[in-house]
Structures are given as C-alpha cells and as structure tokens.
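Chemist: Dropping the structure in here first, questions after.
The values are calculated or read from the model by the stated rules, or taken from the named source; none is laboratory data. Keep in mind that this is a model prediction, so the values were computed, not measured. FYI the Cβ positions are ideal-geometry reconstructions off the backbone, even for glycines, and counts take in every protein chain you see.
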Amino acid sequence: MQQEFIDKNPILNLTFNFSLAVIEYCKLLDSQKQFQLSKQLFRSGTSIGANAREAQNAESKADFIHKFKIAAKETDETQYWLLLCNRSKDFPDSTLLLKKLDEIDKVITKIISSSKLKT
C-alpha cells in the first residue's frame with residue numbers, strides 16, 4: 001500500500017497523491033497492453049502536480065497564474081483520457097480517479113480566480 005504525501009500546501013498534497021494513483025492505474029493499463037493510452041494518461045496526470053509545484057517558485061503573480069493555467073489544461077486532458085477509459089470496453093474503472101480529478105479541478109479554478117483578484 002502506498003503512503004500518502006503530506007505537505008502544508010493542500011493542492012500539492014492533492015496533486016501528488018493523484019499522481020501516485022495515476023501511476024497505479026497506468027500499471028493496470030500496461031498489464032492490459034494499453035501502452036499508448038497509459039503513456040498519454042501518465043504524462044498528463046502527473047503533469048498537473050508538476051505544474052502546481054512549479055508555480056510555488058513563480059517569478060511573478062502572472063507566472064504563478066500561468067503555471068496553474070497549464071495545470072488546468074493538463075487536468076482537462078487527463079479527464080479526457082480517464083473518460084475514454086471509463087467508456088471503453090474491458091478497461092479498469094476510472095471513476096475514483098475522475099472524482100479526485102474533479103476535486104483538483106475545483107481547487108485549481110479557485111486558485112486561478114482568487115489570484116487574479118489579488119492586487
């Protein structure tokens with residue numbers, strides 16, 4: 001059983017633990033020889049957290065927002081791959097990952113909108 005990543009920053013926790021779950025899901029896809037889909041999902045799913053983490057060292061508020069906008073785009077792409085898996089015959093169930101991703105998307109959207117309001 002994998003151990004959860006604990007950080008003081010909630011979005012870093014959410015995205016890191018989501019990445020761990022994506023890695024496990026991709027292992028299931030690989031075991032079914034769904035290598036291309038696994039590779040796409042792995043890249044987009046783990047990129048969300050990488051961009052959130054990179055935003056923590058942004059050079060400006062605009063850079064911070066930009067990094068989170070990239071994370072939001074990766075969230076959308078990841079949702080696409082997970083929905084595709086969920087609707088494809090004989091693929092592992094991705095419902096739990098989609099729920100976790102929805103939570104991440106809401107937090108990222110809030111971070112972007114509240115960051116734009118701050119002066």
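Chemist: Is there any pair with a first residue in segment 82-100 that is surrounded by 14 or more Cβ atoms within 10 Å (Cβ to Cβ) and a second that is β-branched (Val, Ile, Thr) and modelled with pLDDT of 95 or more whose Cβ atoms are under 7 Å apart and which are 6 or more apart or on different chains, and what are they?
Modeler: Asn86/Thr95; Leu97/Val22
Chemist: Looking at (1) touching a residue at least 40 places away in the same chain (Cβ under 8 Å); (2) surrounded by fewer than 17 Cβ atoms within 10 Å (Cβ to Cβ), which is the one condition that is false for Ser60?
Modeler: Ser60 satisfies all of (1) touching a residue at least 40 places away in the same chain (Cβ under 8 Å); (2) surrounded by fewer than 17 Cβ atoms within 10 Å (Cβ to Cβ) except (1).
Chemist: Read through the list (1) on the phi < 0 side of the Ramachandran plot; (2) surrounded by fewer than 16 Cβ atoms within 10 Å (Cβ to Cβ); (3) without any contact (Cβ under 8 Å) to a residue 60 or more places away in the chain, then give the number of the only condition that Glu103 fails.
Modeler: Only one criterion is unmet by Glu103, namely (3).
Chemist: Restricting attention to segment 90-110, does a residue exist that is more than 17 Å from Ser19 (Cα to Cα), at pLDDT below 95 and either of a type in the set (Lys, Arg) or in a helix (DSSP H, G or I) (or both)?
Modeler: So far as segment 90-110 goes, no, none of its residues is more than 17 Å from Ser19 (Cα to Cα), at pLDDT below 95 and either of a type in the set (Lys, Arg) or in a helix (DSSP H, G or I) (or both).
Chemist: Among (1) under 18 Å from Ile108 (Cα atoms); (2) buried (at least 18 other Cβ atoms within 10 Å of the Cβ); (3) in contact (Cβ under 8 Å) with a residue 40 or more places away in the chain; (4) touching a Gly at 6+ places or on another chain (Cβ under 9 Å), there is one condition Glu74 misses while meeting the rest; what is its number?
Modeler: Evaluating Glu74 over (1) under 18 Å from Ile108 (Cα atoms); (2) buried (at least 18 other Cβ atoms within 10 Å of the Cβ); (3) in contact (Cβ under 8 Å) with a residue 40 or more places away in the chain; (4) touching a Gly at 6+ places or on another chain (Cβ under 9 Å) leaves (3) as the failure.
Chemist: Identify the residue in segment 7-57 that is among the aliphatic types (A, V, I, L, M), touching a Leu at 6+ places or on another chain (Cβ under 8 Å) and under 19 Å from Arg87 (Cβ atoms) and, among all such residues, is surrounded by the fewest Cβ atoms within 10 Å (Cβ to Cβ).
Modeler: Out of the qualifying residues, it is Leu37.
Chemist: Also: Which count do you get for residues in segment 60-77 that are within 17 Å of Leu12 (Cα to Cα) and either modelled with pLDDT under 95 or of a type outside the set (D, E, K, R) (or both)?
Modeler: Residues in segment 60-77 being within 17 Å of Leu12 (Cα to Cα) and either modelled with pLDDT under 95 or of a type outside the set (D, E, K, R) (or both): 8 in total.
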